[in-house]
Amino acid sequence: MTTLGVAAIDQDRETIMQMAPVLAVVNRKGGAGKTSATHNIAGVWGTWGLRVCLVDLDTAFNLTEACGYPEELRQESGDWLASGIPEPWSVPGMPNCALVPSGARLAGGIERMEKLAIDRERYLGKVLAPLRRDFDVLLLDTKPDLDLSVTSALAAATHVLATALTLPQPIYGVVRSLGLVEDLREGVPDLRVVGFLPMAYNARGLRPAALGSMVEMAQEYGVICLPPIPYTEHAGKESQSHVPMALAYRNTAVGQHYRYAAALIGEQLGLTVPAEWLDRGRRLHEQMLREVLAA
Ligand SMILES: Nc1ncnc2c1ncn2[C@@H]1O[C@H](COP(=O)(O)OP(=O)(O)OP(=O)(O)O)[C@@H](O)[C@H]1O
Ligand SMILES: [Mg+2]
């Protein structure tokens with residue numbers, strides 16, 4: 001190999017290293033907390049000074065609504081997927097965060113991807129690539145079920161996080177999502193599974209048995225099961241205020257747990273996160289494992 005060749009390879013490697021990580025948030029079950037987790041984790045990262053790009057890949061555009069993207073623009077929005085030119089919109093209630101919105105035109109983009117003869121799953125990654133130079137991290141909110149938009153999100157991602165309710169059915173959803181990740185590993189060898197983010201959407205809290213099975217499943221896959229996000233009555237109000245719960249109620253349990261989660265996930269992605277939250281998150285994680293495994 002010539003010296004020039006080696007230099008070119010080194011340069012390529014450097015370019016890839018400088019590209020922001022891309023986290024896809026998945027669960028094939030509906031209502032499993034994908035959008036809430038995406039919105040809140042992005043909000044926390046933004047307050048830590050990270051430049052975050054949210055991408056709404058769900059034609060139901062819940063994340064776009066939660067961010068307060070103007071209703072009158074939604075008829076046109078989502079056309080970036082067909083045009084191949086994403087234009088991030090600064091989210092007013094979330095410092096350092098921008099949104100690539102969904103809307104009425106996103107479905108047309110997915111149809112366009114379906115018609116591509118070669119490498120359909122790679123199209124999204126190519127479209128998002130320029131954003132990986134402008135932001136520190138990209139967060140992709142996916143839809144329930146499994147279509148080309150979700151497989152493309154996984155193909156475009158460097159990391160994947162599965163949210164999970166503690167009821168049995170969504171747990172199966174997580175397992176199926178991870179099964180898909182296994183399938184994709186061959187085609188996307190660098191895709192790393194961060195793990196599960198359990199959501200305790202029940203005022204009674206989390207059943208230890210349910211959390212236990214999730215912890216065991218995580219160990220089986222060699223990934224982490226994060227400390228659960230607690231139930232809160234504040235959920236749902238962000239569709240009016242457009243401010244993520246983790247920012248609006250930062251001193252409540254849900255605000256603090258989203259900080260632990262944002263620190264632990266951020267560390268996995270190689271982001272710079274505050275040592276204090278990382279340390280507290282690690283301790284909480286260890287305490288959870290002790291409690292769950294002793295039960
Ligand atoms: N910590 C919480 N406590 C109580 N309810 C919550 C909490 N977090 C989210 N929720 C509620 O749970 C519901 C489902 O959450 P979310 O929309 O995030 O799930 P999803 O997986 O994105 O759903 P879909 O598959 O439809 O896109 C929402 O009504 C949301 O307000
Ligand atoms: Mg959603």
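The values are calculated or read from the model by the stated rules, or taken from the named source; none is laboratory data. A quick note: this is a predicted structure, and the numbers were derived from the prediction, not measured. All Cβ positions, glycine included, derive from the backbone under ideal geometry; neighbour counts span all protein chains shown. Calculation scope for accessible area: heavy atoms of the full protein, side chains included, ligands and nucleic acids excluded. Shrake-Rupley method; radii C 1.70, N 1.55, O 1.52, S 1.80 Å.
Residues of the stretch 218-273 that are more than 16 Å from ligand 2 (Cβ to nearest atom), among the hydrophobic types (A, V, I, L, M, F, W, C), out of contact with any Pro (no Cβ under 8 Å at 6 or more places or on another chain) and open to solvent by 50 Å² or more (accessible area, probe 1.4 Å): Ala248 alone.
One line per residue, one yes/no per condition, for (1) touching an Asp or Glu at 6+ places or on another chain (Cβ under 9 Å); (2) at pLDDT 90 or above; (3) within 16 Å of ligand 1 (Cβ to nearest atom):
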{"site": "Thr166", "(1), (2), (3)": "no, no, yes"}
{"site": "Val175", "(1), (2), (3)": "no, no, yes"}
{"site": "Leu178", "(1), (2), (3)": "no, no, yes"}
{"site": "Glu182", "(1), (2), (3)": "no, no, no"}
{"site": "Leu191", "(1), (2), (3)": "no, no, no"}
{"site": "Val194", "(1), (2), (3)": "no, yes, no"}
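Within the stretch 28-40, the residues that satisfy the criterion of being within 18 Å of Leu154 (Cβ to Cβ) and surrounded by 24 or more Cβ atoms within 10 Å (Cβ to Cβ) are Ala32, Lys34, Thr35, Ala37, Thr38.
Residues that are within 19 Å of the chain's Cα centre (by Cα), open to solvent by less than 30 Å² (accessible area, probe 1.4 Å), of a type outside the set (D, E, K, R) and over 28 Å from Ala20 (Cβ atoms): does the stretch 196-205 have at least one? So far as the stretch 196-205 goes, yes, one or more of its residues are within 19 Å of the chain's Cα centre (by Cα), open to solvent by less than 30 Å² (accessible area, probe 1.4 Å), of a type outside the set (D, E, K, R) and over 28 Å from Ala20 (Cβ atoms).
Within the stretch 82-136, the residues that satisfy the criterion of being closer than 26 Å to Ala262 by Cα and open to solvent by 50 Å² or more (accessible area, probe 1.4 Å) are Glu87, Pro88, Trp89, Ser90, Pro92, Pro95, Asn96, Pro130, Arg133, Asp134.
Among the helices (runs of 4 or more DSSP H) confined wholly to the stretch 46-145, which include 3 or more residues that are farther than 22 Å from Gly270 by Cβ and among the small types (Gly, Ala, Ser)? It comes to 106-115. Scanning for something within 17 Å of Val25 (Cβ to Cβ) and at pLDDT 95 or above, does the stretch 229-244 turn up at least one residue? Within the stretch 229-244, one or more residues are within 17 Å of Val25 (Cβ to Cβ) and at pLDDT 95 or above. Taking the stretch 240-283 as the range and being more than 26 Å from Thr158 (Cα to Cα) and touching a strand residue (DSSP E or B) at 6+ places or on another chain (Cβ under 8 Å) as the test, only Val254 passes.
Evaluation of Thr163 against the conditions (1) more than 14 Å from the chain's Cα centre (by Cα); (2) open to solvent by less than 20 Å² (accessible area, probe 1.4 Å); (3) under 28 Å from His242 (Cβ atoms) shows that the sole unmet condition is (1). Taking the listed residues Ala246, Ala263, the one that is within 19 Å of Lys34 (Cα to Cα), of a type in the set (Gly, Ala, Ser) and touching a residue at least 24 places away in the same chain (Cβ under 8 Å) is Ala246, with no other qualifying. Within the stretch 217-239, count every residue that is more than 7 Å from ligand 1 (Cβ to nearest atom) and not in a helix (DSSP H, G or I). Adding up the residues that qualify gives 10.
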